[in-house]
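A quick write-up on the structure given underneath.
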Amino acid sequence: MHPFQDDYTGEVEDAQSNSNSRPTGPALRFVAAALIVRGGEVLICQRRPDQPMGLQWEFPGGKIEPGESPEQALARELDEELGIKATIGARITHIRHNYRHGGAVDLQFFAVHAFTGELENRIFQQFRWVRLEDLPQYDFLTADRGLIRDLAAGKLL
C-alpha cells in the first residue's frame, strides 16, 4: 500500500475506533483526479443530472480503492471514464474538503501531459477542453474552487 494512503487511512481508522470520545466526523473518501493538459487548456467534465451535485464541473478521476496508490487509481479511473491510457505525472496539489451535507473528500490532483487512445465520454454529461484562465466561468464542485482560482491565475501548471 502507498505510504501516503497508510497515513490518512490510519487517522480515519483511529477516529472510528475511538468510540468513547466525541462523535467521528464525516466519512472520508480518498480520490485521485487528473489535470489533463494540452497547451494552455485542461480537460473538464460535467456530471450527469442524475448524479449527486449534478451538472457541476469537475476533473476526471475517482475513488482510490484499497491496495491502490493514487497514481494507479487515477490511471484505472481515466481508462474507465474516458477510455485512455494516461501517463500520470507529478502531484500538483492535495486538498481536503468537508461538504455541508456531511461528506468529506481527500483529493490529490496529478498532471497528465500524455495519454494514448481517443477520448471517449463514458460517464459524463459532457467534457471539453478549456483555457486555464476561463475555468472560473464554470460551476465547479465546491472542493475544486480554490484549485480553479490558482489554475486560472497561472499558479500551478
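The values are calculated or read from the model by the stated rules, or taken from the named source; none is laboratory data. All values reported here derive from a predicted model rather than from experimental measurement. As a convention, Cβ positions derive from the backbone with ideal geometry for all residues, glycine included, and neighbour counts pool all protein chains shown. Heads up: the accessible areas ignore ligands, DNA and RNA and are worked out on the full protein's heavy atoms, side chains in. Shrake-Rupley method; radii C 1.70, N 1.55, O 1.52, S 1.80 Å.
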For the stretch 106-121, take each phi angle, set θ = phi - 60°, evaluate the Karplus expression 6.51 cos²θ - 1.76 cosθ + 1.60, and give the result in whole Hz per residue in order, putting x for glycine and proline. 10, 10, 10, 10, 10, 6, 10, 9, 8, 7, 10, x, 8, 4, 10, 7
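Using the heavy atoms of the protein chains alone and a 1.4 angstrom probe, what is the accessible area of the stretch 111-157 per residue in square angstrom?
Values: 2780 Å² over 47 residues.
Computed with neighbouring chains in place, this is 59 Å² per residue.
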Contour minus Cα-Cα span, E80 to Y138, at 0.36 nm per residue, comes to 18.5 nm
Give me, ordered by chain and number, the residues 5 or more places off E68 or on other chains with an amide H under 5 Å from its own placed amide H. none
Interchain or sequence-distant (5+) residues whose placed amide H lies within less than 5 Å of the amide H of L119 are none
Are there any GluC sites (Glu not before Pro) in the stretch 95-157 that are in a DSSP loop and have at most 16 other Cβ atoms within 10 Å? List them by number. E118, E120
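Rounded to the nearest 0.05, what FRET efficiency is calculated for Q51 and E120 with R0 set to 22 Å and r the Cβ-Cβ distance? Could the numbers behind the result be given before it?
Details: r = 18 Å, r/R0 = 0.83.
So, using R0 = 22 Å, E works out to roughly 0.75.
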Amide H neighbours of Q56 under 5 Å, at least 5 residues apart or on other chains, H built in the peptide plane: list them. R47
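How do Y99, Y138 stack up against each other in accessible area, from largest to smallest, with a 1.4 angstrom probe? Write down the numbers at each step before the final one.
Numbers: Y99 30, Y138 55 Å².
Greatest to least solvent exposure: Y138, Y99.
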